[in-house]
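The values are calculated or read from the model by the stated rules, or taken from the named source; none is laboratory data. Note that the structure is predicted; figures quoted are calculated from it, not measured. When we count neighbours, we look across all protein chains shown, and the Cβ atoms used for this are built from the backbone with ideal geometry, even at glycine. Accessible surface is based on the protein model in full, side chains and every heavy atom, while ligands, DNA and RNA are left aside. Shrake-Rupley method; radii C 1.70, N 1.55, O 1.52, S 1.80 Å.
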Amino acid sequence: MATAVASTATAAERAVLEEEFRWLLQAEVHAVLRQLQDILKEASLRFTLPGSGAEGPAKQENFILGSCSTDQVKGVLTLQGDALSQADVNLKMPRNNQLLHFAFREDKQWKLQQIQDARNHVSQAIYLLANREESYQFKTGAEVLKLMDAVMLQLTRARNRLTTPATLTLPELAASGLTRMFAPTLPSDLLVNVYINLNKLCLTVYQLHALQPTSTKNFRPAGGAVLHSPGAMFEWGSQRLEVSHVHKVECVIPWLNDALVYFTVSLQLCQQLKDKISVFSSYWSYRPF
């Protein structure tokens, strides 16, 4: 008798759980997908920054670069979508206070690959979500988990492109096309780098000096880094060079901050849906859920 009652209770519980799970697959999953699409479309709009019309060129935004720790470098960078269209930089040389001025050539733009890649990953996430129309019926929890994993992968990659700048060696910086963007041409004892770090647009200027063949310093080439320190050494052509001064200035890009918030919220929604699906797996561990 007790066994029969327990069996009936178990059957009733299973029926309730199966009904809740069907509702989750048929209704709540699509509600979350709609919410994710709405959030990611807002994120995508931050990256497009249209001009006067939806198909027009991206508007130009001027950002004044500064630092609370130095006034050696001042500049204005003009961002147009995912490209720097203009740069105007003043550098005060530490030794003699000589003022150097250099700017982008008028025929040049510098593509910020980090922004372009992040935007592409957002677009891919939206595509994955849009492929599951409202009429689509999810059959198993595993199918939902697979979709959430794919969307989260794209969102994580988008976020990482903004939060993890490339680590470059000094020879890679010296060979970069960025050094040829300026007029007048950059002096041979200067290197520059521009990158995104979180919600900030960063400009770094490295001043170099040549190591004499008679130098007693132990030459040890520096590896890759986002930001090299004074004393970092490298070989370029037939010369051995050392970083003597490093100047970094930056500014906040508000819409990048918005995008990062949207990424975080979207990832949390994906994880919450995965957690709800996984709760049911503990009841049906012996069968696909």
So the check is Cβ under 9 Å with 6+ separation or different chains; which pairs have a first residue in the range 84-100 that's under 19 Å from VAL194 (Cβ atoms) and free of Cβ contacts under 8 Å to residues at least 40 places away in the same chain and a second one that's open to solvent by 30 Å² or more (accessible area, probe 1.4 Å) and part of a loop (DSSP other than H, G, I, E, B)? SER85/LYS108; SER85/GLN109; GLN86/GLU106; GLN86/GLN109
Residue under evaluation ALA259, criteria (1) outside any helix (DSSP H, G or I); (2) under 29 Å from VAL151 (Cβ atoms), criterion not met: (1)
Looking at the range 74-116 only, could you name the residues that are under 23 Å from THR167 (Cβ atoms) and open to solvent by 40 Å² or more (accessible area, probe 1.4 Å)? TRP110, LYS111, GLN113, GLN116
If we keep only residues of the range 236-268 that are at pLDDT 95 or above and among the aromatic types (Phe, Trp, Tyr), then the residue surrounded by the most Cβ atoms within 10 Å (Cβ to Cβ) is PHE263
Identify the single condition in (1) over 30 Å from the mean Cα position of the chain (by Cα); (2) open to solvent by less than 60 Å² (accessible area, probe 1.4 Å) that GLN207 does not satisfy, given that it satisfies every other one. (1)
Could you say whether any residue in the range 220-231 is part of a strand (DSSP E or B) and either on the phi > 0 side of the Ramachandran plot or touching a residue at least 12 places away in the same chain (Cβ under 8 Å) (or both)? yes
One residue from LYS274, LYS200 being under 25 Å from VAL29 (Cβ atoms) and out of contact with any Phe, Trp or Tyr (no Cβ under 7 Å at 6 or more places or on another chain): LYS274
Number of the exception - TYR136 against (1) aromatic (Phe, Trp, Tyr); (2) surrounded by fewer than 17 Cβ atoms within 10 Å (Cβ to Cβ); (3) out of contact with any helix residue (DSSP H, G or I) (no Cβ under 9 Å at 6 or more places or on another chain): (3)
With (1) touching a residue at least 60 places away in the same chain (Cβ under 8 Å); (2) in contact with a Leu (Cβ under 7 Å, 6 or more places away or on another chain); (3) surrounded by fewer than 14 Cβ atoms within 10 Å (Cβ to Cβ) as the list, and GLN271 as the residue in question, which single condition is left unmet? (2)
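Given the criterion on the phi < 0 side of the Ramachandran plot, without any contact (Cβ under 8 Å) to a residue 60 or more places away in the chain and either outside any strand (DSSP E or B) or out of contact with any Lys or Arg (no Cβ under 7 Å at 6 or more places or on another chain) (or both), identify the matching residue among SER244, SER266.
On the way: SER266 fails: without any contact (Cβ under 8 Å) to a residue 60 or more places away in the chain.
Within the list SER244, SER266, the selection yields SER244.
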